[in-house]
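Shown next, in structure tokens, is the structure this report addresses.
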Amino acid sequence: MFSCISQFVFRFREIFAMENNLTIVDMPFEVLDLIFKELFNLKDKLQLAQAHEKLGRAFSYHSRSDYRSLYPYARIRPEMWVVLVQECGATIEEFSTSEIENFPWNDLLAKAIEQHCPNLKSVKICVYDNNCDSVQSFLLNMSQSLTSVELTLHIDDTKKIFDAMAKMTKLTKFTRKGIPNDEDSTCVLF
């Protein structure tokens, strides 16, 4: 698959670049979209998107609403998830940290979401003592857009988190999960 792209780029360069000094960034979005389609690995797509501003916009065009729900996983570094958020943030409506995928809370990614995800409506976050302050700050900063929050609490002192929750004026659904043997609860707010 990558050899197809290499052959295409080489042929493009051979035909056009000699007389016009054109590069891959001179290709129209429709052609760049075809190149992104040939890359099946998200990491490769994100690395290409980082190479040039136009390639980042082409990645966004290619992705369209593929990342409406963002569930980061550990095989990709947080810095690469930040690239995705920078390029596709306007389409992201749901974000989740996951114990299953072994992707813990990350401050760098949280800041990128705060800056680039104006349409974020729902979050699912695992809260531990080592990220409690950061999660509280995130919830406060996103309080004007979030309507649904699910928190898995692995902390003894929940006051900071619940203080942040009290300031969320658009919140319509809150789910609290806890450590094993603790009762989960969901509150639907009107």
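The values are calculated or read from the model by the stated rules, or taken from the named source; none is laboratory data. Bear in mind that the values here come from a model prediction, so they are computed numbers and not experimental data. Using ideal geometry, Cβ is built from the backbone for each residue, glycine included, and neighbour counts are taken over all protein chains shown.
Values for this structure:
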item	result
Residue that is surrounded by the most Cβ atoms within 10 Å (Cβ to Cβ) [pool: residues in the stretch 145-160 that are closer than 11 Å to Cys132 by Cβ and in contact with a Lys or Arg (Cβ under 9 Å, 6 or more places away or on another chain)]	Leu151
Members of the stretch 64-94 found to be closer than 11 Å to Asn119 by Cβ, of a type outside the set (A, V, I, L, M, F, W, C) and surrounded by 19 or more Cβ atoms within 10 Å (Cβ to Cβ), listed by number	Gly89
Test: residue in the stretch 98-113 that is in the same structural domain as Lys177 (by TED's automatic domain parsing) and under 18 Å from Thr169 (Cα atoms)	no
Residue in the stretch 52-60 that is assigned to a loop (DSSP other than H, G, I, E, B), touching a residue at least 24 places away in the same chain (Cβ under 8 Å) and closer than 30 Å to Lys177 by Cα present	no
Selection count, the stretch 103-138, where residues are out of contact with any Pro (no Cβ under 7 Å at 6 or more places or on another chain) and in a loop (DSSP other than H, G, I, E, B)	10
